[in-house]
Each structure stands twice: as structure tokens, then as C-alpha cells.
Amino acid sequence: MSKDEKEFLNFARNRLNQGTENLDPETRSKLIAMRNRALNIQENKRWIPEWAPLPTMGLITAVLYLVLIYAKPASTPMLDTGLEDLEILASLDHIELYEDLEFYEWLANKNYDAG
Amino acid sequence: MESFLASVERRAYRMAEIGTGNSEEALDIVQEAMFGFVRKYSTRPEEEWRPLFFRILQNKIRDWHRRSKIRKSLGLFWPFKGSDPENSIQDLVDTKEKNVLDTLESLDSMEAMHTAIRVLPLRQQQAFLLRAWEEFSVKETAKIMEISEGSVKTHFSRAVSTLRESLKEYE
């Protein structure tokens, strides 16, 4: 490399460095914000290892599978009860009638025994 | 990591700004480079960070040029080319580049340097900035640019010769 070329490269480097020192405050603050967002990504990455999603997904799938298998028989009567309740609520009869149903049954049996 | 990013962010922005001729696009490119670098390479040894970061940055700048070319060529078939703001920006950059050598005399030496580098073909720009400014070796520059060492030397020497000619009044 000739002396002239070295001098030119020094001149170029100085001018380019000058260009980074003279950045406007808005651009500077945008760059700082970007840097902080990048550091957040790094922080999150540290807590969640790269291989983590695979076993996690496997575990979630296994749990869902087990829940679907074992929860099915238990859920059937609950569904029926739910529908019965819905029928009662939807009917035009007074709700008090259903609440006192046991009393009416007892009364009917008592009258039957007495009669 | 924070001090590393702080040490390269401004130069990265200037490189992207020279490469695209647009400050907003340059900020987007630097952001993508930072995020990509942190996601992929933050666990690598620190001495590898600088070349890796600049490789990502230069790839992003090249991608931006490819996308611009595609947009420009698609724009030829688009009837309302003039109303597309992205085309307008690119046209503005092109017009600026065409007249740039005529206007160099009116600029201060820093602006003249940026403008003269901006006019160079992209590969020459990258070779010059990486070799002259970042002071990477020919071998490192070749790795960053993903080309041969011979090509780096050619691009660099052409860039220096053009820039010396354009900027002889400022030396």
C-alpha cells in the first residue's frame, strides 16, 4: 500500500468516524431503544433454552390426551344434570314448585297412608 | 453484549444509511441485524461477535437491494408507479445518485465522503467500509461478504481508486 493510499484511508476513516459522532439525538435514541430490545431478547432467551419448546409441547399433548381419556366418563352425568337443570329453568312452572317437590311427595304419601 | 452492541450500532447505522440512502430503512436494517445476531450468535465466543454481526448486517443490506430491484422491476408493469411512496423514495435516491458527483463540491468533507461511497456499486461499498473503516483483514472481509479473497481485493482497490478520484479536492 502506497503512502498516498494510506493517507487517503486515514482521511476516509476520520470522515466516517465524524459521521457517527454527528448523529442526531433522535437517531441516537432510536438506536439505544433497539439495543435495549435486543438485550431483552437475549434475557428471555437465557431463561427459555432453545430445546425447551419441544418437550413442553410433548408434555402439554400428553396431559391433554390423559384429560380427554379419563375425564370423559365423569363428564357424562354432569352433562345430564346440566341439561336437567336447563329444562327446569326453561319451563314455565314456578321454581318454588321444584324447590318444594320433596314436601309435596311426602304430603302425598302421608295422605295415601292416611286414606 | 450491551457494550458490544453500543460499540457497533452507530457505525452499523451509517453503513446501512450509506447502503440504502434512506435513514428509516437503515434503522430497520440495524434493528433486524441486532435481533438476528442476539438470537443466533449471542452464545458464541466474544471474539467472533464483530465479524458475525457485520456479516448479518451486510446480508440485510444486500437483501434490501434485492427487494428494491424487484420492486423497481415490478413497478415497470404497474400503471400507477408514481403514486407508490416506496417507488418515489427509490426514484429520489436514484436521481440523487445520478447528480451526486456534480454536487460533491458543495458538500463538507464528511458529507462528500458519505455521498461518494453511496454512489459506488454495493460490493465495492461493502469491501471499502469493511476494510478501510472496520479494518477487517482481506480474509475476514471475504468471510463476511461470502466471496473470495481475490474478489475482495478487486472490489476494494476499485473503490479506493474511484473515491480518490471523486474526493481529490478534499484530501
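The values are calculated or read from the model by the stated rules, or taken from the named source; none is laboratory data. Quick caveat, the model's predicted, so the values are computed rather than measured. In this analysis, Cβ positions are derived from the backbone assuming ideal geometry, glycine residues included, and neighbour counts consider all displayed protein chains.
From the residues in the range A:25-41 that are at pLDDT 85 or above and of a type in the set (A, V, I, L, M, F, W, C), which one is surrounded by the most Cβ atoms within 10 Å (Cβ to Cβ)? Only one residue fits best here, namely A:38.
Under the condition of being among the polar types (S, T, N, Q) and surrounded by fewer than 18 Cβ atoms within 10 Å (Cβ to Cβ), the residues counted in the range B:16-41 number 1. So which residues in the range B:21-35 are of a type outside the set (A, V, I, L, M) and either more than 12 Å from residue A:37 (Cα to Cα) or free of Cβ contacts under 8 Å to residues at least 24 places away in the same chain (or both)? If the condition is that a residue be of a type outside the set (A, V, I, L, M) and either more than 12 Å from residue A:37 (Cα to Cα) or free of Cβ contacts under 8 Å to residues at least 24 places away in the same chain (or both), then B:21, B:22, B:23, B:24, B:25, B:28, B:31, B:35 are the ones that fit. The residues listed here are A:22, A:44, A:14; of these, the one that is at pLDDT below 85 and closer than 30 Å to residue B:166 by Cα is A:22. Scanning the range B:9-39 for residues that are more than 10 Å from chain A (Cβ to nearest Cβ) and in a helix (DSSP H, G or I) yields B:16, B:19, B:20, B:25, B:29.
If you take the residues in the range A:8-37 that are of a type in the set (D, E, K, R), more than 7 Å from chain B (Cβ to nearest Cβ) and in a helix (DSSP H, G or I), which one is farthest from the chain's Cα centre (by Cα)?
Filtering the range A:8-37 down to residues of a type in the set (D, E, K, R) leaves A:13, A:15, A:21, A:24, A:26, A:28, A:30, A:35, A:37.
Cutting the leftovers down to more than 7 Å from chain B (Cβ to nearest Cβ) gives us A:21, A:24, A:26, A:28, A:37.
The next check asks that each one be in a helix (DSSP H, G or I); those that pass are A:21, A:26, A:28, A:37.
On the way: A:21: 45, A:26: 36, A:28: 36, A:37: 22 Å.
If we take residues in the range A:8-37 being of a type in the set (D, E, K, R), more than 7 Å from chain B (Cβ to nearest Cβ) and in a helix (DSSP H, G or I), then A:21 is farthest from the chain's Cα centre (by Cα).
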